[in-house]
Amino acid sequence: MEQHAVPGRERGFSLAELLIYMALLVLVLFVAGGLLVNGLRTQETTQSVTNASTTAQQIARSVQAGVRNASAVTVVTDAVAGTQLLVVRAIGTDPSSTAASCQAWFYTPHNGGSIYTKRTSSPATLITVPAGGPQGVWSLLGSGVSPADPVTARVFNAPSGSRVDLKFNVAAGAHPYVLINTTTYTPQISMVSAPCF
């Protein structure tokens, strides 16, 4: 009886070859898994920073729009509570009307720091610091806000009555804060007076 040699390709894998292939497969899966996890972390960080940037820009745009139309500005600070109230008397956009409106932005450090806004018109009425927190017609502009200046601990500053300085951080998850540092000027200098102050 004749014996025929089985070609090498038909014999299968040896145990050593199988172990090497398994190790290579584990290495490839480990690298692919690491890339996937890293991609998910990057996406989460990007989303946190984008949300914080959107919040910061929304607050800055709101304050800038109000101050640019203001005929007078003032900031009321409660150092004990850490709250601030920025109030402006805004002139109307209708040239045939001299009616004023009052607008305010309220910063509170409670619950991670938040900024609210409120507007009164027809007739314009005094806006005061909300006792016990913003209630009723106050609208939340953003949360996760903190003063960026550790010396003054202020979000709003109106040093000359003709401008408003904004300097605050918005929390962005595990990423460093998003910083807003801007100055907006009023179109005219005026003394604070009724009905807004």
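The values are calculated or read from the model by the stated rules, or taken from the named source; none is laboratory data. What you are looking at is a predicted structure, and each value in this text was computed from that prediction instead of being measured. Because the Cβ atoms are built from the backbone with ideal geometry, glycine has one as well, and the counts that use them run over all protein chains shown.
Brief remarks follow.
- Candidate set: region 140-192, residues that are assigned to a strand (DSSP E or B) and among the charged types (D, E, K, R); chosen: the one modelled with the lowest pLDDT: R163
Here's the yes/no breakdown for (1) within 19 Å of V75 (Cα to Cα); (2) touching a residue at least 24 places away in the same chain (Cβ under 8 Å); (3) in contact with a helix residue (DSSP H, G or I) (Cβ under 8 Å, 6 or more places away or on another chain); (4) loosely packed, with under 12 Cβ neighbours inside 10 Å:
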position	(1), (2), (3), (4)
P123	no, yes, no, yes
G133	yes, yes, yes, no
A153	yes, yes, no, no
H175	no, yes, yes, no
I180	yes, yes, yes, no
T186	yes, yes, yes, no
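- When the criteria are applied in full, Q3 fails the requirement of being modelled with pLDDT of 85 or more and of a type in the set (S, T, N, Q).
- Tallying residues that are out of contact with any Asp or Glu (no Cβ under 9 Å at 6 or more places or on another chain) and either part of a strand (DSSP E or B) or closer than 14 Å to W105 by Cα (or both) within region 122-135 yields 7.
- Any hit, region 37-49, residues being aliphatic (A, V, I, L, M), farther than 26 Å from P176 by Cβ and in contact (Cβ under 8 Å) with a residue 12 or more places away in the chain: no
- Qualifying residue in region 59-73 (condition: out of contact with any Pro (no Cβ under 8 Å at 6 or more places or on another chain), of a type in the set (S, T, Y) and either on the phi > 0 side of the Ramachandran plot or crowded, with 20+ Cβ neighbours inside 10 Å (or both)): no
Per-residue answers, yes or no, for (1) under 27 Å from T46 (Cα atoms); (2) of a type in the set (A, V, I, L, M); (3) within 15 Å of the chain's Cα centre (by Cα):
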{"site": "Q84", "(1), (2), (3)": "no, no, no"}
{"site": "R119", "(1), (2), (3)": "no, no, no"}
{"site": "P123", "(1), (2), (3)": "no, no, no"}
{"site": "I127", "(1), (2), (3)": "no, yes, no"}
{"site": "G136", "(1), (2), (3)": "no, no, no"}
{"site": "S143", "(1), (2), (3)": "yes, no, yes"}
{"site": "R154", "(1), (2), (3)": "no, no, no"}
{"site": "T183", "(1), (2), (3)": "no, no, no"}
{"site": "F197", "(1), (2), (3)": "no, no, no"}
